[in-house]
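The values are calculated or read from the model by the stated rules, or taken from the named source; none is laboratory data. Everything numeric here is computed off the predicted structure, so don't read it as measured data. Reconstructed Cβ throughout: ideal geometry from the backbone, glycine too, with neighbour counts over all protein chains shown.
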Amino acid sequence: MRGHNDPSAALLLGLGAGLWTFFKGFRIMREYKVLEDTHRIPIRSVPMGFVHIRGKAESGQVLASPVSHTPCCFYKVEVDEWKSEGRSRTWVRCCVDMNGYRFHLADDTGKILIDAHAAEYDLPLANERVVSSQTAGASASNAGDADLLQYVSYARMHSFTDRAGQWIDKRLNQAGADQNPQIQEKRDAFRALFAAIPAAARGGQPPIEALERLANASGPLSDPEKEQKRQMVLERLRLAETANQAGLLSGLMPSAKGAEGRFRLREFVVIPGREYLISGSCVENSAGEQDRCMIAKGRNEPTFVISTKSDVQIHHALEKRALLMIFGGAALALACAAGLLVHFGLF
């Protein structure tokens with residue numbers, strides 16, 4: 001029997017981590033090569049496809065970021081949880097929350113719409129806070145911690161629904177949502193539902209309208225029994241919507257509870273008037289008449305970076321990161337593989 005000091009589990013974990021890091025490094029190296037081979041162009045000359053542009057952010061809508069309450073077009077918050085197991089104590093990524101509006105990037109030649117929801121952000125740290133449920137509200141200085149702990153609960157839900165929405169989006173796009181209006185309506189209904197769930201979990205209105213829209217988009221069904229059940233669901237949703245409009249459902253949604261534990265929140269923001277370098281795909285904007293094109297994450301080219309750095313700084317940072325991950329991952333994988341061979345007496 002193996003004792004408690006058996007290193008095989010740790011070696012296997014290290015082997016897996018090394019291989020993941022190794023192949024991730026090649027993905028980053030590919031991104032570096034794509035950016036290096038794409039020259040920056042004026043916004044007025046942007047063609048369809050992958051582009052590299054620089055300009056100032058402009059937005060008619062702003063929101064307050066959740067940690068520092070900075071007025072911004074878009075924010076990203078990395079939430080890490082403090083984990084302590086035996087002698088191991090470290091920050092572990094809990095979730096990443098992103099939210100905001102589409103904004104424009106403008107230079108001397110023109111402006112273009114940016115949909116930043118799927119971007120990779122290379123931005124300076126705007127704010128960092130560490131909060132704990134053990135000390136929240138214990139003093140005036142910690143009074144805001146309770147709100148941040150509630151935000152952590154919301155961020156977990158928002159991050160989960162965002163990933164689920166992206167997965168369903170991908171499946172419905174593969175099913176031909178762009179060519180089939182019924183599938184497109186179902187995709188939009190799912191988007192509305194996943195957008196409404198986090199707000200409802202934070203104590204907002206129940207997502208009755210989004211559920212009703214999804215039920216309408218799913219029919220009519222060819223199976224009479226299933227169609228009858230769908231109609232019953234629609235009728236109950238209509239009754240619930242009537243009751244909600246009359247104020248009978250107010251206060252029924254539970255208020256968000258603060259997360260338990262110790263958390264580190266690192267915030268990054270896109271601020272109107274600041275200059276940004278954006279590398280992404282110029283695609284058709286089917287939702288707007290004024291902005292026929294926008295920069296977003298492409299289907300064929302996944303590289304989509306928003307940064308405040310110069311071209312040279314971005315290229316140097318990506319190349320260094322890729323090489324470290326490739327050689328570091330290979331070294332870790334080989335060391336763990338050798339350790340496993342020695343441990344099992346095969347070498």
Inset, instruction - Read through the list (1) over 26 Å from the mean Cα position of the chain (by Cα); (2) assigned to a strand (DSSP E or B), then give the number of the only condition that I53 fails. - result: (1)
Legend entry - Of residues in the range 144-189 being of a type in the set (D, E) and assigned to a helix (DSSP H, G or I), the one surrounded by the fewest Cβ atoms within 10 Å (Cβ to Cβ): D147
Legend entry - Pair list, Cβ < 8 Å and 6+ apart or interchain, from the range 315-343 residues that are over 24 Å from L11 (Cα atoms) to residues that are charged (D, E, K, R): H315/E36; A317/D122; A317/K309; L318/E31
Legend entry - Hits in the range 54-79 - residues which are surrounded by fewer than 18 Cβ atoms within 10 Å (Cβ to Cβ), in contact with a strand residue (DSSP E or B) (Cβ under 7 Å, 6 or more places away or on another chain) and in contact (Cβ under 8 Å) with a residue 12 or more places away in the chain: K56, E58, V62, L63, S68, T70, P71
Inset, instruction - Considering each residue of the range 89-110, count those that are closer than 20 Å to F50 by Cβ, in contact with a helix residue (DSSP H, G or I) (Cβ under 6 Å, 6 or more places away or on another chain) and outside any loop (DSSP other than H, G, I, E, B), and give that number. - result: 2
Legend entry - Total residues in the range 30-40, condition surrounded by 15 or more Cβ atoms within 10 Å (Cβ to Cβ) and either in contact with a Lys or Arg (Cβ under 9 Å, 6 or more places away or on another chain) or under 24 Å from R292 (Cβ atoms) (or both): 2
Legend entry - Condition met for T109 (free of Cβ contacts under 8 Å to residues at least 24 places away in the same chain and of a type in the set (S, T, N, Q)): no
Legend entry - Any chance V92 is among the β-branched types (V, I, T), crowded, with 16+ Cβ neighbours inside 10 Å and at pLDDT 80 or above: no
Legend entry - K170 touching a His at 6+ places or on another chain (Cβ under 6 Å) and under 23 Å from I295 (Cβ atoms): no
Inset, instruction - For the range 62-88, enumerate the residues that are in a loop (DSSP other than H, G, I, E, B) and modelled with pLDDT of 90 or more. - result: V62, S65, P66, V67, S68, H69, T70, C73
